[in-house]
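The values are calculated or read from the model by the stated rules, or taken from the named source; none is laboratory data. Please read these numbers as outputs of a predicted model, since none were measured by experiment. Counting neighbours? That spans all protein chains shown, and the Cβs are built from the backbone with ideal geometry, glycine included. Quick note on the areas: whole protein, heavy atoms, side chains included, nothing else; ligands and nucleic acids left out. Shrake-Rupley method; radii C 1.70, N 1.55, O 1.52, S 1.80 Å.
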There are 4 protein chains.
Amino acid sequence: MSKGRLEAFSDGVLAIIITIMVLELAVPHEPTLEALLRLWPVFISYVLSFANIGIYWNNHHHLLQGSRVVDGRVLWANLHLLFWLSLFPFATAWMGENDFAAVPVAIYGVVAVMAAIAYFLLVRALVRCQPADTHLAEAIGSDAKGKISPLIYALAVPIALLPVPFAPFVAFAMYVVVALIWVVPDVRIERTIAR
Amino acid sequence: MSKGRLEAFSDGVLAIIITIMVLELAVPHEPTLEALLRLWPVFISYVLSFANIGIYWNNHHHLLQGSRVVDGRVLWANLHLLFWLSLFPFATAWMGENDFAAVPVAIYGVVAVMAAIAYFLLVRALVRCQPADTHLAEAIGSDAKGKISPLIYALAVPIALLPVPFAPFVAFAMYVVVALIWVVPDVRIERTIAR
Amino acid sequence: MSKGRLEAFSDGVLAIIITIMVLELAVPHEPTLEALLRLWPVFISYVLSFANIGIYWNNHHHLLQGSRVVDGRVLWANLHLLFWLSLFPFATAWMGENDFAAVPVAIYGVVAVMAAIAYFLLVRALVRCQPADTHLAEAIGSDAKGKISPLIYALAVPIALLPVPFAPFVAFAMYVVVALIWVVPDVRIERTIAR
Amino acid sequence: MSKGRLEAFSDGVLAIIITIMVLELAVPHEPTLEALLRLWPVFISYVLSFANIGIYWNNHHHLLQGSRVVDGRVLWANLHLLFWLSLFPFATAWMGENDFAAVPVAIYGVVAVMAAIAYFLLVRALVRCQPADTHLAEAIGSDAKGKISPLIYALAVPIALLPVPFAPFVAFAMYVVVALIWVVPDVRIERTIAR
């Protein structure tokens, strides 16, 4: 089974998810800077989720580039991942529109954990169906980032719900850290290679 | 006539259908777990429809992989299928927002029956236009699942409208059964092959 | 300049246009058949526009299949066509939500005329840039349907505005006739060939 | 690393951005020409942004056609560009719905400047990772239009905020000039070549 349409369909869904999130940035009624600045929690949430979906697209791209074939299990594992990613616009909007209240921040973490688990299952399904000489498993390696990310997310969920001031902001900061773990080294490694 | 753009256009439409359904998950105003849990009928409907569109994408993928050419009839049969699938977001939202009331549940079944018929017509149009040595018809076989699914849907429509308690829930359960008929064996067969 | 990305981008835009129109089918608040039936003008408008965008995709597909190269003029002519097609969701919703009132029905015709002109300009731009041996012009032929369609639309616009009863419905019927001119022969010819 | 999926994902995101902007053209409640004409600021803003996203797609197309490979930096530089372009629907709607008030017009310019800078960074990232014999840098040349556009945008932002009558309209006219700089010569050069 060829992987072309799996990539095309995933690109389509990810492109829509990353773009419809901006529809939640409700246009303010007044044409003032104050009205715009009041949107900052929604905007910051949008930036984080844009980065997260971008990271997933990036990793998905690399993962499938290292694969040669897909099977029916992979198709379903991929749809399962897309399902959890499709909940990001909802979780992003709920968190942003409630100024980082505890429950929405925690739910954002739950969606992120589920997406990370779904990605892990997709990796396993892909590795399992490759011909013996594909070396996808070697290319993935120990995947330290893939293992630590869901752990940080899972830790952030109860932290968001702690009855202390600023607890949800600590959880949100942990989400930002996870995103930086993925974006920063990528860019830095490439810069080093370029030199 | 090449099939590449037919696949690309269908992937695009299916990707959009599967993703815009999540826009119906209206973000609650209060940042509480209760407000979130009140969304369960909408969420459950979303899960079902996500699976259904996923099943159609999956089957469409296999169907076109087994085909070598398409003609004008196939283009129109495909658009006809996409038309009925495009009504899923509407039917899903109406069913979910009315807590599985009888009429919306029945209408969901009507849309599902029409989509199943449209798929059946697409299969016939594709089989008819393949060169003699393509063996698409053999690959499809008796297509028991493709025949039993619309029957179950058609049965569920009047059941949803029965004036007895929980009738719509029985109909909804039948929709879930149809989805499971498609997803479960796929995954199980692949697992068996993998062993 | 290769035509692949032009096709991919157009497929994406057309897929989104054809699908977001269904978002205008506002989900009724009551779970009754009466509430659903009250949507019929919006639904009929949606069916017409779905067919129209489908016809454009179909023709676009054939047009580019007969072309070998594209140039900068073609890119802009194509964007110009997509611009007018992108107004179909607006015109469709306005017409449907106002029960086929005169002005919205006329504006729908204006959008349809402009799209037809834009398509004509795209055909000319494509023919002009093909190498001498491509025979795209011959493949297009006299293009009777492409010439009569904008004429019927242009005639329907003033008819919709006539101060007599049912004038907008006559105009709407003319739009339906144009769509049938494109869909019916396609299907019939293919059936004949199949025999 | 192949560039195919980068193009496909970018096409998807740009197609969605260019199309969802039309959702901001809220359907008027009354079926009258006056109600339609009251939408002119939103419509004019839509036309400008449609042209701008079209210009970016066009340039992106040419840029990647001149490139042979992409690396991780390019993926992130591309996502960074798509991020700023994704804010165009918001800026377009805010500007249009407030009849070209000063602050929204200025913010539109800010988004346009940021997108232009992001495009500049993408060009640099692409040039850097090409093999020695690709000549992408030579193909881009001095890129006078690419340098003057952000300057005009950056100048328009403070102009929009000047406390004199019609200042925002002057800024808006400057945005239109930038778009014409890109669209007009393209079409004219191609016409000259065709002769």
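Tabulated data
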| quantity | calculated |
| --- | --- |
| Calculated label separations, D:Ala144, copies of the chain, 7 Å along the beta-carbon direction, nm | 5.2, 5.2, 7.4 |
| Highest-MSF residue in chain C out of C:Pro28, C:Pro168, C:Pro104 [GNM, Cα springs under 10 Å] | C:Pro28 |
| Gaussian network model of chain B, springs between alpha carbon atoms under 10 Å - residue of B:Ala139, B:Ala51, B:Ala91 with greatest fluctuation | B:Ala139 |
| Among C:Gly72, C:Thr92, C:Ala115 - extreme Cα towards positive end, dipole of the stretch C:69-147, charges at beta-carbon | C:Gly72 |
| Principal axis box of the stretch D:82-131, alpha-carbon based, largest edge first, Å | 49, 15, 9 |
| Number of partner chain Cβ atoms within 10 Å, mean per residue of C:26-37 | 5 |
| Positive-end residue, chain B charge dipole about Cα centroid, Cβ charges, pick of B:Ala125, B:Ile53, B:Phe172 | B:Ala125 |
| Carbon and sulfur %, accessible surface of the stretch D:104-145 computed with the full protein complex present, 1.4 Å | 67 percent |
| The stretch D:1-100 shape via C-alpha gyration tensor axes, a/c threshold 1.5 | prolate |
| Averaged over B:128-136, number of beta-carbon atoms from partner chains that fall within 10 Å | 1 |
| Mean accessible surface per residue for chain A, computed with a 1.4 Å probe while every protein chain stays in place, in Å² | 41 Å² |
| Gyration tensor (alpha-carbon) shape descriptor, the stretch D:97-167, a/c threshold 1.5 | prolate |
| Debye-sum result for the stretch A:33-75 in log10 I(q)/I(0), which assumes one identical scatterer on each alpha carbon, at q = 0.17, 0.21 Å⁻¹ | -0.62, -0.75 |
| Average beta carbon contacts from partner chains per residue of B:100-109, 10 Å cutoff | 3 |
| Debye intensity ratio in log₁₀ form over the Cα atoms of the stretch D:60-150, taken at each q of 0.19, 0.22 Å⁻¹ | -0.87, -1.04 |
| Relative contact order computed over the stretch B:80-195 (Cα-Cα under 8 Å; 6+ residues apart), in percent | 28 percent |
| Where only C-alpha atoms are counted, convex hull volume of the protein assembly as shown per residue in Å³ | 188 Å³ |
| Assigned charges on the beta-carbon of Lys, Arg, Asp, Glu; the protein assembly as shown dipole about Cα centre (debye) | 2020 debye |
| Label point distance in nm, C:Asp143-B:Ala26, each placed 7 Å from Cα along Cα→Cβ | 4.7 nm |
| Label-point separation in nm, C:Trp40 to D:Val177, each point 7 Å along Cα→Cβ | 5.6 nm |
| Size of electric dipole in chain A: Cβ of Lys, Arg +1 and of Asp, Glu -1, about Cα centre, debye, nearest 20 | 580 debye |
| Equivalent ellipsoid semi-axes - Cα gyration tensor, the stretch D:43-195, angstrom | 30, 18, 13 |
| Inter-label distance, nm, simple model (7 Å from Cα along the C-beta direction), D:Arg128/A:Arg68 | 3.4 nm |
| Exposure of A:Ser149 as accessible area (Å², to 10), given a probe of 1.4 Å and all protein chains | 10 Å² |
| Taking chain D and dividing mean pair separation by its residue count, relative contact order in percent (alpha carbons under 8 Å, at least six apart) | 23 percent |
| Cβ-Cβ FRET estimate between A:Leu33 and A:Ser2, R0 fixed at 60 Å, reported to 0.05 | 0.70 |
| 7 Å along Cα→Cβ, label-point gaps from B:Ile44 to other copies, nm, shortest first | 3.7, 3.7, 5.3 |
| Cα principal axis extents for the stretch C:16-56, largest first, Å | 36, 16, 9 |
| The stretch C:1-43 versus the stretch B:46-65: alpha-carbon centroid distance in Å | 19 Å |
| For D:Gln65, label point 7 Å along C-beta direction: distances to other copies, nm | 2.3, 2.3, 3.3 |
